[in-house]
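No value in this document is a laboratory result; all are computed from the given coordinates. The model shown is predicted, which means the values in this text are computed figures rather than measured ones. As a convention, Cβ positions derive from the backbone with ideal geometry for all residues, glycine included, and neighbour counts pool all protein chains shown.
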Amino acid sequence: MLLKRRPSSAPPKQPTSVLNKRRKRLVQVDSDQSDSDSAYDDNDEDFDAEDYDSDGYPIPKKKQKHDKRKEAKRAALNDLTIHNNRELPPPLPKDYNPIKVLKSKFKVPFKDTTDVAQSVVPSSRTLGIRRRLHIAARALHDWNADGSIVLYDPEKDEPKSENSTPEEPKEEVKSNHLKGGKSLAELLGTKKVEHKKGHVVVDPVLSKVLRPHQIDGVKFLYRCTTGKIHPNAYGCIMADEMGLGKTLQCIALMWTLLRQSGEIGKPTIEKAIIVCPSSLVRNWANELVKWLGPNRIRPLAIDGKANKEKVTADMKQWGSAQGRMVVNPVLIISYETLRSYCPILKNSQIGLLLCDEGHRLKNGNSLTFQALNSLLVQRRVILSGTPIQNDLSEYFSLLNFANPGLLGTPNEFRKNYEIPILRGRDADATQKDHETSDQKLSELWAIVSKFIIRRTNDILSKYLPVKFEHVVFCKLSPLQLDLYNVFITSKAMQRLLRGQGSQPLKAITMLKKLVNHPDLLNLPEEIRGSEDVLPSHYHTQGRHRVISPEFSGKMMVLDRMLTKINKETDDKIVIISNYTQSLDLIEKYCRQRSYGSLRLDGSMTINKRQKLVDKFNDPNGNEFIFLLSSKAGGCGLNLIGANRLVLFDPDWNPAADQQALARVWRDGQKKDCYIYRLIATGTIEEKIFQRQSHKQSLSSCVVDESTDTERHFSLSDLRQLFMYNSETNCDTHDTFKCKRCAEGKSVQDVESMQYGDTSSWDHYDEKLQDLPDAILSEEAGKGIVSFVFQYISHLR
Ligand SMILES: [Zn+2]
């Protein structure tokens, strides 16, 4: 009897009063054992399970009945009080037989089947996985509604001759024919509803937040992944620059494919995998919830916290689930983990694979590439901010992953495209090489452009304030200059340059530290002979010496800028470095100057990071400076509380710098933004920066199809890493052989400024006072800033 009355699990949102009554009822059962079973059935009616459906929600009844019940309840309560006055529990009666109680017939707690139908059908709740009653499949979203984004229109997008399924629709049309010879649908103009085919429409919850360029992006992704562009190619590369919402566009694609297809009521795919760096697994899960809401999708995020058995079980379950058994349609997982679990998934059909930070697939021979390539998944989308990191063969790799075989085998690609294109890009190339290179490039572009989408940050100018980005070339301080010379003329260095040394990386690191600040080196031990050039007061201050900005050119500039920004504006600033040691130094300097600062480390948990970011972005917060290590995985960090950003040193990898730079000029920013990328003039940093531009111009060349990017460097230039050019104001500018510059700044405008090509930016040599940024123009005449490249996102 008791079994019948108690719901199998605690119902949600049940008022406590009901629970109390239930408890009391149990008491009553215990105390009234002498009564017959039927007594409960009669008296207890208003507590009966029929008041609640299987989920524990009350089923509304007619008011009349309700009033009657109220009385009954009151009576029952009176009864209870009386019972409760007795001593509890009373002894069980002699004839009490628990077996009999348990064996008694189970009664379905609904009155009859018609009641069931009434209570279930109008509410959309279903019990378990019972098949739905026959309700004709309807389109999920109204394609005709205001602002709806139609990805597929059966009328327009379907080629008339093939693919249309003539039999079924014909019959339907026939049956609907009126005597006049026209179908009702035709008369009403709703004929397409009769067909099983339907529109694919982006969920309104997403379409209302998508920006115009994102709508284009989603349309592109949809066309590629549904084979509309090429019948044998289902992959593509989403290569938008940072800050354009690649994540949101991909979520829109995935969500649409999971819910809809050209046929009403049928999804295109059942399951999708998002593979990303492990630090972004949580981030993706959060983004899904952020854009789709907490109840629409339950992703399975494998974030490395669960133990191996649990993950294995989860993966097996995920891999084998099909149809209605798919509970978590989206698996979010890191590259490393997915790689090791690929064998488990080897036989399961996967609808879509999204590869975030997809340049991990740049090497076709890598284990990750091979493992992921073995998955049974046709639709593959690679997300990457910079598709080319090093060379065209890496680029080929990405495309070959997305669309296997589209560009031929790796060898064919090398012969047909890579070699001729690169030959023409060398500064020593002949005119004919240039021509062949350009021709091959446009040939490649003709194929590739169909499957790659790349928009630059310029698009954001419609929504964002102006961004002034500067590359600021700073001369070395006299001490740095002396140390630099001692170092590169040292015997160890000479051996290295003759190819006899063994540690070029160590030498590079030491030079990079030196140009940041001599204090980053352990002097005089680390540079033999440096004791001769160190000023007398250098040693005396010991380990805990104060940070002296005047020992470093870049530090002097930073110091002056911070002073001015702090004094004259209420702007906040982000300072980024590759070296935690440099950040230590700047942090110490901030304390010295009493600047409030926050610092984000690579070791911090995601949660802690978010708190730190929120604290900084709070307009009432006291922290003026946010210190960020570019190695801390800053991707996704939103630091729009600041509108200024200093990149204290360049990275070899332009993608890393681009990620760092995209922290402040992004959605939500209200102030004009000022970006300063500090480079030590004539030093190794210029070479690093030049190598970056080289890569970037190659990238913008292939990806943006700009064939007129000036050809800056011969490959041999890049081997000049350790040369110090003391004669120049800007070694990089010298390599441009710039014809626009005269009298200290660029006087001639370029037709269009290209972000990836600093030779097309504004150049300021001596006339720094003409710079629009009041902070940087102060450097005029101070003798440290020797050159500035300036990029302006757009004119107001
Ligand atoms: Zn110039």
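Here are the numbers for this structure:
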quantity: Residues with amide H under 5 Å from that of His794, placed H, sequence gap 5 or more; calculated: Lys467
quantity: Region 572-577 - phi-based ³J(HN,Hα) in whole Hz, Karplus 6.51/-1.76/1.60, Gly and Pro as x; calculated: 10, 9, 9, 10, 10, 9
quantity: Over region 402-449: Rg over Rh, Cα atoms, Kirkwood Rh; calculated: 1.03
quantity: Anisotropy class of region 240-332 from Cα gyration tensor, a/c 1.5 cut; calculated: oblate
quantity: Cleavage-rule hits (GluC sites (Glu not before Pro)) in region 457-537: DSSP loop, at most 11 neighbouring Cβ within 10 angstrom; calculated: Glu525
quantity: Residues Thr683, Thr247, Thr409, sorted so that the one with the fewest Cβ neighbours within 10 Å comes first; calculated: Thr409, Thr247, Thr683
quantity: By average C-beta atoms within 10 angstrom, highest first, the peptides 446-452, 647-653, 761-767; calculated: 647-653, 761-767, 446-452
quantity: For Ile332, distant residues with modelled amide H under 5 Å away; calculated: Ile274, Leu300, Ala301, Ile302
quantity: Above-threshold pairs, the threshold being 27 Å between Cα atoms, out of Lys197/Lys228; Lys475/Lys564; Lys572/Lys739; calculated: Lys572/Lys739
quantity: Spatial separation of Cα centroids for region 557-608 and region 334-406, in angstrom; calculated: 38 Å
quantity: Mean Cβ count within 10 Å, highest first, over the residues of peptides 226-233, 685-692; calculated: 685-692, 226-233
quantity: Cut-off under 5 Å, modelled amide H: who pairs with Glu263 long-range; calculated: Gly198
quantity: Farthest positive-ward along region 338-470 dipole, Cα basis, beta-carbon charges - from Ser442, Tyr417, Ala402; calculated: Ala402
quantity: q = 0.09, 0.17 Å⁻¹: log10 I(q)/I(0) that the Debye formula gives for region 201-455, counting C-alpha atoms only; calculated: -0.41, -1.33
quantity: Cβ-based net charge around Ile350, under 13 Å, with every Lys or Arg adding one and every Asp or Glu removing one; calculated: +3
quantity: Karplus (6.51, -1.76, 1.60) ³J(HN,Hα), θ = phi - 60°, over region 360-368, in Hz, Gly and Pro reported as x; calculated: 4, 9, 6, 10, x, 9, 5, 5, 4
quantity: Trypsin sites (Lys or Arg not before Pro) within region 323-363, DSSP loop, no more than 14 other Cβ atoms inside 10 Å; calculated: Lys346
quantity: In order through region 439-448: 3J(HN,Hα) via Karplus (6.51 cos²θ - 1.76 cosθ + 1.60), integer Hz, x for Gly, Pro; calculated: 5, 5, 5, 6, 4, 4, 4, 4, 7, 5
quantity: Residue-count net charge about Gly553 - beta-carbon cut-off 15 Å; Lys, Arg +1, Asp, Glu -1; calculated: -2
